[in-house]
Amino acid sequence: MKREQMTLEQKIGQMVMCGFQTPEIDDCAKALIEKYHVGGIIYFRRNVLNKEQVGQLSLDLQELNRKHTDIPLFISIDQEGGMVARIDWDDITLIPSNMAVGAARDEKLAYESGRICGEELLRMGINMNFAPSVDVNNNAKNPVIGVRSYGENPELVSKMGAAQIRGLQDANVAATAKHFPGHGDTAVDSHHGLASVPHDEERLFNVELAPFVKAIEEGVDCIMTAHVMFPAFEPDSIPATISSKVLTDLLRKRLGFQGVIVTDCLEMHAISKEYGIPEGTIRAVQAGADLILISHRYAEQSQAIEALIQAVRDGRISEEHIDASVDRILALKAKRSMDQLITIDESYAAGFGSKASKAVVEQINEKSITLVKDEGQLPVAKEARTIVIWPEVRQRTEVDEPIVQSYTLATALAEHMPHVDEYRIGTYPDEDEVQATVAHAEQYEQVIVVTYNAVATLHEGQVSIVKQLAANPKLRVIVAASRNPYDLNQFPEVKTYVCAYENRPMMMEALAKALLGDIPSVGQLPVTINEQYPYGYHTQLQNQ
């Protein structure tokens, strides 16, 4: 169907992407497609059970949509890698986090990880990935980006981001550079509030915008907006998502981006609490957004679509403005051949998690392990009675999903050491759990504490455990950060500190090898921890 043949309602529908709550088409998804003509669907963990089910769901959605239009659906997901992945089963290839890629410093492997991710997503009928995050994470207190960034250096972020974009799009999956103009230097999570980046234009062009300029040069299909204020570009106190000065004047005109501008989810509080979702939708389109993301609630989705239709009828938005966005959306769907349906047959499963793909992940992981500090405690004492303290992610956040892992660092070390036990805690241990953990660990000779964002204001219990154990002269205490690398600032007295950037099984295998001295720790810090351990810092074991 050509744009000229579409009704206003059909055109508005193409500009909205929605999520729903189940692993099969429910009444809400059906209404979104049949009544509201939505142009895209986004998957979350609630929608995905296994690769066969996801493939069938994608096929069912496209076939339902085909009954009403010949314009295919965008089917998208946030599959960034590492700890931010909606799909993380053992039988697919889960690529490493961006910060692990940044620590590994290998553009070729970055490209390969993007290509592998894209090929496996497309095999499941997912034709758009809301990745990579090309935010420059230069704020250690950033609560939402962290390891989702390649690092604090704009050149590194630009190179690695461009490589992964190239990989995804060579696999014929639309890549999305996010969060424009940059969410890295914020101390507020836009899921919960409105942040501001107060720097001047020169600084923003040199740092925050540099990776987006590179992504545009690379031909990135989509750019996602940030619900963040940038007073240098927008003097009114409004976030980039609803600012024409940011989306149209800066992104379209000054930077020359011709692809699809997609908003971050408008249900995030920076928009929904400040403006309401219907009004936020209208303002985002007025500002220059082509695709509005409303991820969760049908009531909000339907109200937003109806509000947008009414805004055109009332003259708040011209139909020519709508037409320009629809043309960009249709062009991208044609460019990526999104009308081609996947096939689920006896060879379907063989396209996931191949040895070659897993080997790429293994290489990145092993090259990313960063030894920051060691005062003669590594390699680990193989014969020592050892306890690994493992923090489980038990609480859901807007980024994390609760996860219980059967394969941990203790599992990996136990394959090479005779006396390894594990003690599991939550990422937010209370005082009782802290004292129980310390008392248990003091029965051992060697303690390896895996931390997970042990920033004092967020995870004080983890910090307390490390400090108490480090103060015991009878214990050999090793700390391994399994997410953000800044944890060392909370307990500088520890003698050994290693960064692993995620706690997924394949990374734990690499960490175990590094702790055992079986591989050199060649990763370089992608961010500055403090003056003593700046960007690019790394050390080696003395016997390597």
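The values are calculated or read from the model by the stated rules, or taken from the named source; none is laboratory data. What you see is a predicted model, and the numbers here were worked out from it, not measured in a lab. FYI the Cβ positions are ideal-geometry reconstructions off the backbone, even for glycines, and counts take in every protein chain you see. Areas reflect the complete protein model, heavy atoms only, side chains present, ligands, DNA and RNA absent. Shrake-Rupley method; radii C 1.70, N 1.55, O 1.52, S 1.80 Å.
Odds and ends about this structure:
- Mean separation of Cα contacts under 8 Å (6+ apart) over length of the chain, as relative contact order %: 15 percent
- Other residues within the sphere of radius under 13 Å centred on the Cβ of Leu266, judged by their own Cβ, net out at -2 (K and R +1, D and E -1).
- Counting Lys and Arg as +1 and Asp and Glu as -1 over every other residue whose Cβ lies under 9 Å from the Cβ of Cys222, the net charge comes to -1.
- Proximity of backbone amide H atoms, modeled 1.01 Å from N, is registered between Lys373 and Tyr497 at under 5 Å, excluding neighbours fewer than 5 places apart on the same chain.
- Nearest 10 degrees, 0 to 90: helix 355-368 Cα axis against the chain principal axis: 60 degrees
- Mean ellipticity per residue at 222 nm, deg cm²/dmol - from DSSP H runs of n ≥ 4 across the chain, formula -39500 (n - 2.57): -10500 deg cm²/dmol
- Take every DSSP beta bridge whose two residues both sit in the chain; close to 15 percent of them are antiparallel.
- What you get for the range 447-500, charging only the Cβ of Lys and Arg (+1) and of Asp and Glu (-1), is a dipole of about 200 debye around the Cα centre.
- Once the Cα atoms are used to define both axes, helix 298-313 deviates from the longest principal axis of the chain by about 40 degrees.
- The range 487-507 versus the range 331-364: alpha-carbon centroid distance in Å: 33 Å
- Mean-position separation - Cα centroids, the range 156-179 and the range 1-56, in angstrom: 24 Å
- For the chain, size of Cβ-based charge dipole, Lys and Arg +1, Asp and Glu -1, in debye: 620 debye
- Overall form of the range 324-386 per C-alpha gyration tensor (a/c, 1.5; a/b vs b/c): oblate
- Environment charge of Ala299, counting only residues whose C-beta is closer than 12 Å and scoring Lys/Arg +1, Asp/Glu -1: -2
- Accessible-area composition of the chain, carbon plus sulfur, in percent [1.4 Å probe]: 47 percent
- Cβ-based charge dipole, the range 356-465, positive-most Cα from Asn453, Leu378, Ser357: Ser357
- For the range 252-320, the square roots a ≥ b ≥ c of the C-alpha gyration tensor eigenvalues yield an a/c of 1.5 or more together with a/b not exceeding b/c, which makes the shape oblate.
- Value of Rg to Rh for the range 1-148, rounded to two decimals, is 1.03; Kirkwood radius and Rg both from alpha-carbon coordinates.
- Accessible surface, the range 1-134, averaged per residue in Å² (probe 1.4 Å): 31 Å²
- From phi via Karplus (6.51, -1.76, 1.60), per-residue ³J(HN,Hα) for the range 58-66 in Hz, x at Gly/Pro: 4, 5, 4, 5, 5, 5, 4, 4, 5
- Surface accessible to a 1.4 Å probe, per residue, for the residues of the range 275-373, Å²: 41 Å²
- Simple point charges give the picture: +1 on the Cβ of Lys and Arg, -1 on the Cβ of Asp and Glu, and for the range 25-99 a dipole about the Cα centre of about 220 debye.
- Once the Kirkwood radius over Cα pairs is known for the range 454-514, the Stokes-Einstein relation at 37 °C and 0.692 mPa s delivers a diffusion coefficient of 270 µm²/s.
- Backbone amide hydrogens, once placed in the peptide plane, bring Gly82 within less than 5 Å of Ile95, Ser97, excluding anything fewer than 5 places away on its chain.
- Annotation: amide H-H contacts under 5 Å for Val228 (H modelled 1.01 Å from N, sequence separation of 5 or more, or interchain): Ala240, Thr241.
- Entry for semi-axes √(5λ) of the Cα gyration tensor in Å (calculated from the structure that is shown) out of (1) 42, 25, 21; (2) 48, 34, 22; (3) 58, 30, 19: (1)
- Per residue, the range 441-524 exposes an accessible area of 30 Å² to a 1.4 Å probe, with every protein chain left in place.
- Overall form of the range 391-544 per C-alpha gyration tensor (a/c, 1.5; a/b vs b/c): rounded
- Nearest-ten-degree value, helix 277-287 long axis tilted from longest Cα axis of the chain: 80 degrees
- Take the Cα radius of gyration of the range 133-270 and divide it by 2.2 N^0.38 Å, N being the number of residues; the result is 0.95.
- Considering only the Cα atoms of the range 278-380, their convex hull presents on average a projected area of 13.7 nm².
- Dipole of the range 475-544 computed with +1 at Lys/Arg Cβ and -1 at Asp/Glu Cβ about the Cα centre; of Tyr537, Cys499, Leu516, farthest Cα towards the positive end is Leu516.
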